[in-house]
Amino acid sequence: MNTLKKTPFYNFHSALQAKISPFAGYEMPVYYNSIVAEHNHVRQAAGVFDVSHMGEFIIEGAQSLQLLQKITINDVSVLIPGKAQYSCLINEQAGVIDDLIIYCLVASERYMLVVNASNIIKDWHWIEKQALGFDVSLTNISEETCLLAVQGPKVTQLLTPYLNFNLADLPYYHFKIANILGIKDIIISHTGYTGAGGVELYFKNEADNAAKLWNLLTKDLQIPPIGLGARDSLRLEKGYCLYGHELNDNITPLEAGLGWITKFNKDFIGSDILKQQKQAGVTQKLVGLWMLDKSIPRQGYHLLNAAGTVIGSITSGTMSPILQKGIALGYVDIAYSKLESSIFVNIRNQAMPAQIVKLPFV
């Protein structure tokens, strides 16, 4: 049997009697109280997520930029120290291996990649393979790195007194390296997976760092811990992709609506296929939809046209706590992807009415 890993914050989750379930090889908190209550608290105030299961790689050396330009779809050359970038790794068939964030630590020479927990091993082997012949050094720092996502509109005012700069002055997708409570070299990044504002804090898992920062946030600042259940519903309201749902090795970035991070001013693995697909046009497209009745769409449900023909399927769905209606992401045949198109969701063999809507939902 594979033994599930625990993050450095596991004992805190357990003491709070969180509902803990396996996720990406870790025992992770799904919720502490209720998903809806936690979701709403993040939207309205602030919450802290333990996401230390995520993967972090360091790429450094004289040809770090060249390697990243080859293996990712965004233009890494625009990054300067203190700036981050959303991107994807794709395979030779232009399918998405993973989506990730690239942090520029030293211009052209040192970067941190943050990858999805379920893909750490796959991504690491892929990057190792592609790095052959490049003057680079690769280090997997996933096990020694803690990551707390402190999300919500009140985070800036709560955290700024503990920093030597004003969080309000930190632009989106930028970061600073600072000390908090004597914990050195914390990467304080204006990023997140909730669309509610806030930061993500990367720091070394050493000494009592984890306990000090957790206690500061949850006890001194009284920011409640939030589980992965609300993290998922929050990202869905914003229309953010989740690997294994909207993204996989057979879906291209253009089909997933990620043309905005696909830069053709460089050659990268799979770029020729994507150029052809852009010219020819995609045959399926990721869309947002909401239900026109009280039903709840779920992953795997088929999408239908008025004649009852299957035109796609749902990749993620839930009842939106903010909108109080069923929302979903899914792929449909391109002919049905136009905004305000009427489609149907097959729920227990009944065609329930839905409408294609503009993202984000909230």
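Once you list every other residue whose beta carbon is under 14 Å from the beta carbon of Ile35, what net charge do they have if Lys and Arg are +1 and Asp and Glu are -1?
Values: positive: Lys19, Arg43, Arg231, Arg235; negative: Glu38, Asp232, Glu237.
Cβ neighbours under 14 Å give a net charge of +1.
Charges only on Cβ, +1 for Lys and Arg, -1 for Asp and Glu: so what's the dipole of the range 283-357 about the Cα centre, in debye to the nearest 20?
Here the size comes out at about 140 debye.
Once the Cβ-Cβ distance between Thr309 and Ala207 is put in as r, and R0 is 51 Å, what FRET efficiency do you end up with, to the nearest 0.05?
0.25
Ranking request for peptides 110-117, 354-361, 332-339: highest mean number of other beta-carbon atoms within 10 Å first, then the rest in descending order.
Ranked by mean Cβ neighbours within 10 Å, highest first: 110-117, 354-361, 332-339.
I need the peptides 343-349, 83-89, 138-144 ranked by packing, meaning the mean over residues of other C-beta atoms within 10 angstrom, with the highest value on top.
83-89, 343-349, 138-144
For the range 213-362, what's the relative contact order in percent, using C-alpha pairs closer than 8 Å and at least 6 residues apart?
It comes to 24 percent, rounded to a whole number.
As a test of the formula, what do you get for the chain when each DSSP H run with n ≥ 4 contributes -39,500 (n - 2.57) and the sum is divided by the residue count, at 222 nm and rounded to the nearest 500 deg cm²/dmol?
Taking each H run of at least 4 residues, the total per residue is -5000 deg cm²/dmol.
How big is the equivalent ellipsoid of the range 283-357 along its three axes, where each semi-axis is √(5λ) from the Cα gyration tensor, reported in whole Å from largest to smallest?
On the way: eigenvalues 58, 34, 23 Å².
Rounded to whole Å, the semi-axes are 17, 13, 11.
Relative contact order (percent) for the chain, with alpha-carbon contacts under 8 angstrom and 6 or more residues of separation?
Contact order relative to length: 17 percent.
Under 1.5 on a/c is rounded, so check that first for the range 223-341, then, if it is not, pick prolate when a/b is larger than b/c and oblate when it is not; a ≥ b ≥ c are the square roots of the alpha carbon gyration tensor eigenvalues. Write out the running numbers ahead of the final one.
Values: a/c = 2.50, a/b = 1.32, b/c = 1.90.
Here the range 223-341 falls in the oblate category.
For the pair Phe264 and Ile80, how long in nm is the line joining their label points, each one 7 Å along Cα→Cβ?
Going from the Phe264 label point to the Ile80 one covers 2.9 nm.
Say the dipole of the range 98-190 comes from +1 at the beta carbon of Lys and Arg and -1 at that of Asp and Glu; which of Asn140, Ala107, Gly182 then lies farthest toward its positive end?
Going by the Cα projections, it comes out as Gly182.
Between the range 113-130 and the range 284-347, how many Å separate their Cα centres?
Their Cα centres are 32 Å away from one another.
In µm²/s, what is D for the chain at 25 °C and 0.890 mPa s, where D = kT/(6 pi eta Rh) by Stokes-Einstein and Rh is the Kirkwood radius from Cα pairs?
Translational D for this selection: 114 µm²/s.
Residue separation times 0.36 nm, minus the C-alpha to C-alpha distance between Leu323 and Lys6: what's the value?
110.7 nm
Sorted by packing (mean other beta-carbon atoms within 10 Å per residue), highest first, where do 48-55, 155-162 land?
48-55, 155-162
Tell me whether the range 49-144 comes out rounded, prolate or oblate; compute the Cα gyration tensor, take square roots of the eigenvalues as a ≥ b ≥ c, and use a/c under 1.5 as the rounded threshold.
rounded
In whole Å, largest first, what are the principal axis extents of the Cα atoms in the range 142-251?
If we take the Cα atoms of the range 142-251, the spans are 45, 30, 25 Å.
Read-outs throughout are calculated quantities, based only on the coordinates presented, and are distinct from any laboratory measurement. Everything numeric here is computed off the predicted structure, so don't read it as measured data. Here Cβ is always computed from backbone atoms with ideal geometry, including for glycine, and neighbour counts include all displayed protein chains.
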